[in-house]
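Below: one structure, written as structure tokens.
The values are calculated or read from the model by the stated rules, or taken from the named source; none is laboratory data. Computed from a predicted structure; not experimentally measured. Positions of Cβ are generated from backbone atoms using ideal geometry, with glycine treated the same way; all protein chains shown enter the neighbour counts.
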Amino acid sequence: MVCESMEKTSRDLISVVVPVYGCETCLKELCSRVAETVTNIPAHYEIILVNDASPDDAWTTIKQLSEQDENIKGINFARNFGQHHAITAGLDHTNGDWVVVMDCDLQDRPEEIKKLYQKALDGYDVVFGKRTVRQDNWLKRKSSQGFYRVYDYFSGQASDHSIANFSINAKKVVRGFRRMREQNRFFPLFIQWMGYETTSITVEHNARKEGKSSYNIKKLVTLATDAIISQSNKPLRLSIQLGFLIASASFIYALYLFGRYFFLDETVQGWTSVMVSIFFISGLMFFNFGVLGLYIGKIFNETKGRPLYLIRETTDDTDDQEGS
């Protein structure tokens with residue numbers, strides 16, 4: 001009896017954080033497969049389902065699952081705050097020795113948690129799931145690749161488009177993540193920035209069982225813009241370089257015109273070129289002002305000091321109602 005008690009208390013607690021949006025019918029199967037996988041590791045588990053104002057009846061399902069299994073905890077946002085804010089809320093409420101982050105649509109296979117955990121035990125603080133064969137449509141794959149290429153160019157980093165949120169993270173990594181309270185949030189980039197011992201392993205990626213991704217082209221562009229601005233000031237440096245280049249070209253062209261007028265005695269007919277130049281320079285000025293305005297706007301949002309999320313209710317009604 002003593003040996004059984006020691007074995008039970010010595011097992012790791014694995015927390016599984018799942019942001020929920022538009023996948024109500026997947027939740028029961030998701031929780032069942034997570035529980036079976038983690039129990040067979042063997043380890044203890046808790047599942048934290050964060051309802052990001054899902055348009056279906058996900059919160060009712062989450063409450064039912066919580067009543068059926070005390071290891072399942074539900075968090076219900078007051079409104080939609082976004083996937084990465086939902087991940088933050090889940091991480092803020094975890095207690096595990098290891099924390100898994102995964103999507104709710106079952107494209108991240110719960111059975112792969114065992115592979116992530118075993119790899120982490122080799123001495124890694126973070127293990128990402130690498131989707132070498134993605135079960136997404138062509139547009140989703142290409143837009144994801146484009147996002148990371150643009151981000152890598154502006155940030156000076158080398159990212160892998162086959163890696164998303166699916167990962168297992170040590171408790172100290174989660175503690176470090178909790179200290180990062182920027183409004184612009186992107187979970188994988190934050191984890192990579194922290195610099196802990198990180199690796200990735202190939203995992204199987206399933207086709208989406210229900211609905212479609214909420215990330216359309218517009219949202220991907222917005223996410224890319226926010227990620228770049230929050231992680232790099234390279235767009236500001238490029239605007240300075242572009243301005244210097246245009247000023248130099250204008251100076252050289254002015255010397256050319258002076259030379260034609262004074263040395264070749266040619267009258268310079270330049271009304272069209274002047275108008276084109278004015279419109280061109282004006283457009284670049286507005287573009288540069290826009291880039292600068294984005295940075296100022298993000299600074300303004302950060303200085304407000306608003307919470308990252310607001311919680312309407314939880315399944316146990318004991319947690320804080322806001323994320324500072």
Report yes if residue 46 is part of a helix (DSSP H, G or I) and either modelled with pLDDT of 95 or more or under 19 Å from residue 166 (Cα atoms) (or both), otherwise no. no
Hey, does segment 54-64 have a residue that's touching a strand residue (DSSP E or B) at 6+ places or on another chain (Cβ under 6 Å), modelled with pLDDT under 95, crowded, with 20+ Cβ neighbours inside 10 Å and closer than 21 Å to residue 308 by Cα? yes
Counting only residues that are under 19 Å from the mean Cα position of the chain (by Cα) and buried (at least 20 other Cβ atoms within 10 Å of the Cβ), which one in segment 69-81 is farthest from residue 230 (Cα to Cα)? 77
Selection status of residue 23, under 28 Å from the mean Cα position of the chain (by Cα), of a type in the set (A, V, I, L, M, F, W, C) and modelled with pLDDT under 90: yes
